Amino acid sequence: MKDPVRVAVTGAAGQIGYSLLFRIASGQMLGEDQPVALQLLEITPALDALKGVAMELEDCAFPLLTEIVQTDDPEVAFGDVNYALLVGSRPRSKGMERKDLLEANGAIFTVQGRALSSSAASDVKVLVVGNPANTNALIAMSNAPDVPNDRFTAMTRLDHNRAKAQLAQKTGTSVNDVTKMTIWGNHSATQYPDIFHAEVGGRSAAELVNDQGWLESEFIPTVQQRGAAIIEARGLSSAASAANAAIDHMRDWALGTPDGDWVSMAIPSDGSYGVPEGIISSFPVTCSGGEYSIVQGLEIDEFSQGRIDATVAELQEERDTVAELGLV
Ligand code: NAX
């Protein structure tokens, strides 16, 4: 058996946490031969609820779960962690402007960035799920001078998985047949799910579908608006599918992506595909040996370029707002 790794989860008593923790503890994220210690962060008023979740984790008698830390102190939660899943954030309340939302989350992610910087293990990998995820990740990264920038990522894997499912349905195939899907940009309604490089059973998805009307008026809006559709239907935001995507993101980053395929991750831009540096934007990536790299050399047509430009512009606006607020 390997030595245990330490995994921090924030917002651990929330909806996503309730799906996520059990899957991490059962080995679905890091492998069935990898023991884990869970370090759970919540705000003080939610510590009782967190205690209940921890009791349920104990009651699963997971063979891989070595320890459960429960705390409202980020320095404790991030102490020596190898993986940090930042799920807790401040949701938009009624009448809240985007700037207020960014500011409220800035208060959380500046503190958590500093705590990661001072307490986490030197190999820490960070995934931000809490919205606005890309910009929250940028804030945390900017406040963590001792953690390399490329360790900060944000989640667009749920969008990626949603896009795969929609394309499989349209083509009457299985998600197993769909490869090389890409989500570009922000995890928001401006994101661009791109099927022009995707394949279905090894054939070009765009050629197989050959239906620009479906692409523009059904596929793209369905993927962009899927979160809202789930709230409408369920009365609550997506949680199990979000937890599943977080597991997928971390598993592939740590253990590698399959040959001949790639995944979508929001990562600090290195300028690839003309996406300016200084934002955390979603790209097609492959992972190997615990590192990700952007898939290079994809041809981007005018239609796709316009969509990428729009979502990147939104990320730049968010960055400018948090810069004005002194958060990055
Ligand atoms: P919940 O409101 O059920 O849970 C959030 C939890 O975070 C609460 O228990 C709260 O007490 C805790 N929390 C708040 N501030 C905290 C802090 N400073 N430190 C530690 N814990 C804190 O929300 P849930 O449904 O679990 O969603 C969590 C976040 O994921 C939200 O921001 C949501 O918008 C975001 N999502 C992101 C997705 C993505 O694809 N990137 C998809 C799903 C989800 O909408």
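Could you run through the stretch 270-292 and say how many residues are open to solvent by less than 60 Å² (accessible area, probe 1.4 Å) and either assigned to a strand (DSSP E or B) or more than 26 Å from residue 250 (Cα to Cα) (or both)? Break it down stepwise before answering.
If we filter the stretch 270-292 for residues that are open to solvent by less than 60 Å² (accessible area, probe 1.4 Å), which is where we start, we get 271-273, 275-276, 278-287, 290, 292.
Still in the list and also either assigned to a strand (DSSP E or B) or more than 26 Å from residue 250 (Cα to Cα) (or both): 280-287, 292.
Residues meeting the conditions: 9.
Determine whether residue 121 is away from the ligand (no atom under 13 Å from the Cβ), in a loop (DSSP other than H, G, I, E, B) and either at pLDDT 95 or above or over 15 Å from residue 267 (Cβ atoms) (or both). Taking the combined requirement at face value, the residue satisfies it. Of all residue pairs spaced 6 or more apart or on separate chains, those with beta-carbon atoms under 9 Å, a first member in the stretch 1-28 that is closer than 22 Å to residue 72 by Cα and a second member that is open to solvent by 70 Å² or more (accessible area, probe 1.4 Å) and part of a strand (DSSP E or B) are 6/67; 12/70. Somewhere in the stretch 140-154, is a residue surrounded by fewer than 23 Cβ atoms within 10 Å (Cβ to Cβ) and near the ligand (Cβ under 9 Å from one of its atoms)? Scanning the stretch 140-154 turns up no residue that is surrounded by fewer than 23 Cβ atoms within 10 Å (Cβ to Cβ) and near the ligand (Cβ under 9 Å from one of its atoms). Being farther than 21 Å from residue 148 by Cα and in contact with a helix residue (DSSP H, G or I) (Cβ under 6 Å, 6 or more places away or on another chain) is a description that applies to residue 248. Of the strands (runs of 3 or more DSSP E) lying entirely inside the stretch 1-91, those containing at least 2 residues that are more than 10 Å from the ligand (Cβ to nearest atom) and open to solvent by 20 Å² or more (accessible area, probe 1.4 Å) are 5-10, 65-71. Residues satisfying the criterion are present in the stretch 102-109 (criterion: among the aliphatic types (A, V, I, L, M), in contact with a Lys or Arg (Cβ under 7 Å, 6 or more places away or on another chain) and within 13 Å of the ligand (Cβ to nearest atom)).
For first residues located in the stretch 132-146 and assigned to a loop (DSSP other than H, G, I, E, B), partners that are surrounded by fewer than 24 Cβ atoms within 10 Å (Cβ to Cβ) and modelled with pLDDT of 95 or more and lie 6+ apart or on another chain with Cβ distances below 6 Å form the pairs 143/110; 143/114; 144/117; 145/117; 146/117. Taking the stretch 160-260 and the helices (runs of 4 or more DSSP H) fully enclosed by it, the elements with 1 or more residues that are within 19 Å of the chain's Cα centre (by Cα), of a type in the set (D, E, K, R) and more than 23 Å from residue 296 (Cα to Cα) are at 226-234. Annotation for the stretch 196-207: at least one member residue is charged (D, E, K, R) and either in contact with a strand residue (DSSP E or B) (Cβ under 9 Å, 6 or more places away or on another chain) or under 19 Å from residue 275 (Cβ atoms) (or both).
The values are calculated or read from the model by the stated rules, or taken from the named source; none is laboratory data. Not measured: the values here are computed from a predicted model. Positions of Cβ are generated from backbone atoms using ideal geometry, with glycine treated the same way; all protein chains shown enter the neighbour counts. The protein model used for the area step is the full one, side chains on, heavy atoms only, and it has no ligands, DNA or RNA in it. Shrake-Rupley method; radii C 1.70, N 1.55, O 1.52, S 1.80 Å.
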